[in-house]
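One structure is given here, and the rest of the page talks about it.
The values are calculated or read from the model by the stated rules, or taken from the named source; none is laboratory data. All values reported here derive from a predicted model rather than from experimental measurement. Positions of Cβ are generated from backbone atoms using ideal geometry, with glycine treated the same way; all protein chains shown enter the neighbour counts.
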Ligand code: FUB
Ligand code: ZN
């Protein structure tokens, strides 16, 4: 495998207030409450086979699908999140809950290894007839990730063995051989799960299957999804989503240079491509990832790290089409962008990837989870009229467990290593037990990140050792300083966003980094029509928004931020357990002299106002209300 290796989250203990709070909330509230919902909504019952299937809980919609088809994936994702929780602390209740699921899966599994509870329960003779829409392999991928995580947490193999049998079955049905279906999943996911399995067990057949799915995708003519549509008696021209761009199967993956279609599918696929580029040293796959990265981040990403403006395809549309009040920006897409960014940073150790990983983590993804840990956003608007509310559950609960598995394993995004390097990608109070080429090293970060950019890092190798410590200087940082044992370090000498300190490290060596965090204005490219004449506020890694509860009775949408107004950070111990807000002298458009007119010849008068902005990820925790990320300027 080429490049850096990520450091497992179990090696990084989160101690700083910010991540400790989010992590404890997810462990104590989110993951247990998700199990309650899986029971309440009949999702776990769907594993209890054989039995006559009850009526659908979620009716078939006009595109011929019910999200109930992929309930197995929701269960797999919960097992994964819950298993990560177990690696923080064992919990007999959670283990019993997972074991009960495993017992049901064991009973449900067909003698040939097949295991998809939708098909086994409802359409037993239609297995593998609609890879395009029906998520069979997607479900297998998530269940496999759950099985790997549970095995790693407890050493219990039953679920892993069940899934190994299923994967063997999949490899007999699908593949390049005669008599096999030359198909792949309409919703990518299994590819990255198979790479995880390969990394766990080292069996080449699992990597080969991932390679097959990636290489076969988009090969045509004929297109596999059209062939299977005809075979099941459907007209491929009547495909609801019209184009195979929806599932990124419109051309072979190495030829793709634009991020198109469904955003979560795209991100999972790019993640697997980057994984395979690292495993195989495949330069063409790596190049495709780099080209797609530039496309996504230079023309198709929200300032929050959200992806996909459109609800109709849950994904990408046109360059610079980044509407705010209708933004889809699914939580899953930001979570999956973090996965992809992590793979890219390990391929190249370039800070531009870590910058986006951090952006999506603190903004697009975290916004998906409420402060109490039991309410969610699926769509992440960047502007609200006050009609958005967080929900407790969803007919499509994919985002809930994506955000819990992310937060439960957040320490895994902080570091990576190779035999001679420890790279620090993220900052935050933590203690990490790492290994630089067989030399054990403890790294302690003391920081009040993301509220302050002052970070103190103590490096404690078990025995003096020579290696390179790479420290990321975030792309947003200006005027940063660094000291090593009190001596200034020239941060201008950084390469690709990282300062590399190579030396014989000894216990107690200390690096102090100061990343000044002024609140600053961000402007969008002029072709982002939705943001013309508007400005966003960012401080460090956090994007801010103006939300109604902090801005009095005046509707937030009437606020304007003058170009010259000072943006002042303000510590607010009374809000959300202690945060930094940004305040500014603003103006507000007045309406009291409009006398009911809709139009008139003169613009609205403006009066003085005060603007208070909070971190975007915290919005809509005090009930619905107006919210703006992009504030009109002037
Ligand atoms: O289709 C499975 C998941 O549900 C997708 O990743 C989400 O976008 C939602 O459609
Ligand atoms: Zn989702």
Qualifying positions in segment 262-279 - more than 16 Å from ligand 2 (Cβ to nearest atom) and either free of Cβ contacts under 8 Å to residues at least 24 places away in the same chain or under 21 Å from the mean Cα position of the chain (by Cα) (or both) | 270, 272, 273, 274, 275, 276, 277, 278
Picking from 23, 105, which residue would you name as being in contact with a strand residue (DSSP E or B) (Cβ under 6 Å, 6 or more places away or on another chain), on the phi < 0 side of the Ramachandran plot and assigned to a helix (DSSP H, G or I)?
-> 23
Checked against (1) assigned by TED's automatic domain parsing to the domain that holds residue 112; (2) buried (at least 24 other Cβ atoms within 10 Å of the Cβ), residue 234 satisfies every condition except (2)
Go through segment 330-351 and give me each residue that's more than 15 Å from residue 293 (Cα to Cα) and either in the same structural domain as residue 536 (by TED's automatic domain parsing) or outside any loop (DSSP other than H, G, I, E, B) (or both).
-> 331, 332, 335
Looking across segment 247-270 at residues that are assigned to a helix (DSSP H, G or I) and within 11 Å of ligand 1 (Cβ to nearest atom), the single one that is farthest from residue 339 (Cα to Cα) is 247
Return yes when residue 155 is farther than 29 Å from residue 227 by Cβ and more than 23 Å from the chain's Cα centre (by Cα) and no when it is not.
-> yes
If you go through segment 342-358 one residue at a time, do you hit one that is within 16 Å of ligand 2 (Cβ to nearest atom), buried (at least 23 other Cβ atoms within 10 Å of the Cβ) and over 25 Å from residue 478 (Cβ atoms)?
-> no
Can you name the strands (runs of 3 or more DSSP E) wholly within segment 496-594 that have at least 1 residues being under 14 Å from residue 614 (Cβ atoms) and in contact (Cβ under 8 Å) with a residue 60 or more places away in the chain?
-> 519-522, 534-539, 542-547, 568-572, 579-589
Selection over segment 133-170 where residues are closer than 21 Å to residue 56 by Cα and part of a loop (DSSP other than H, G, I, E, B) yields a count of 3
Out of (1) in contact with a strand residue (DSSP E or B) (Cβ under 9 Å, 6 or more places away or on another chain); (2) closer than 30 Å to residue 544 by Cβ; (3) surrounded by 15 or more Cβ atoms within 10 Å (Cβ to Cβ), the one residue 505 does not meet is (2)
Scan (1) out of contact with any helix residue (DSSP H, G or I) (no Cβ under 6 Å at 6 or more places or on another chain); (2) modelled with pLDDT of 95 or more for the single condition residue 406 breaks and write down its number.
-> (1)
Of the residues 284, 333, 259, which is buried (at least 23 other Cβ atoms within 10 Å of the Cβ) and without any contact (Cβ under 8 Å) to a residue 60 or more places away in the chain?
-> 259
Can you give me the number of residues within segment 314-329 that are touching a helix residue (DSSP H, G or I) at 6+ places or on another chain (Cβ under 6 Å), assigned to a loop (DSSP other than H, G, I, E, B) and within 15 Å of ligand 2 (Cβ to nearest atom)?
-> 0
